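Right, one structure below, let's go through it.
The values are calculated or read from the model by the stated rules, or taken from the named source; none is laboratory data. Since this is a predicted model, take the numbers as computed values, not measurements. Note: ideal-geometry Cβ built from the backbone for every residue, glycine included; neighbour counts use all protein chains shown.
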Amino acid sequence: MRLATHAIAKSVLVAIAAATVASAGTPVSASTIADSETTAQIRCGYYRDATGNWYGHCDEGPRTDIIIRVESHIEGRYEMCVKPGLTKLDDFAYYAVYVGRLCNAG
């Protein structure tokens, strides 16, 4: 029964997050783990592992920074500007995707 309760709670949170309008303004910037050696080894796109939630931006020269939309059980839906490499997402993120826009992550 506990799994069913968790699934219902997750469904409600997903519905709330889906109904939330994306924040306006400048996208949030995050710290990224990247160098030429690790970029070749990272997983591309959103994934979760034992250490947390990640977005892997796979890019081969010239560098392009991109905007991703992150969906989180706690933070709702928000956008981030990320550099090539791995970007740590918040602990409650359950999805992230490239939105088709570029940015400058510094």
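Would you pick out the residues in region 71-92 that are within 17 Å of Ile42 (Cβ to Cβ), touching an Asp or Glu at 6+ places or on another chain (Cβ under 8 Å) and in a strand (DSSP E or B)? Before you say what the answer is, go through the steps one by one.
Kept after step one, since they are within 17 Å of Ile42 (Cβ to Cβ), are these residues of region 71-92: 80, 82-89.
From the residues that got through so far, the ones that are touching an Asp or Glu at 6+ places or on another chain (Cβ under 8 Å) too are 82-85.
Across region 71-92, the qualifying residues are Val82, Gly85.
If you take the residues in region 14-70 that are at pLDDT 90 or above and β-branched (Val, Ile, Thr), which one is surrounded by the fewest Cβ atoms within 10 Å (Cβ to Cβ)?
Taking the candidates together, the pick is Thr51.
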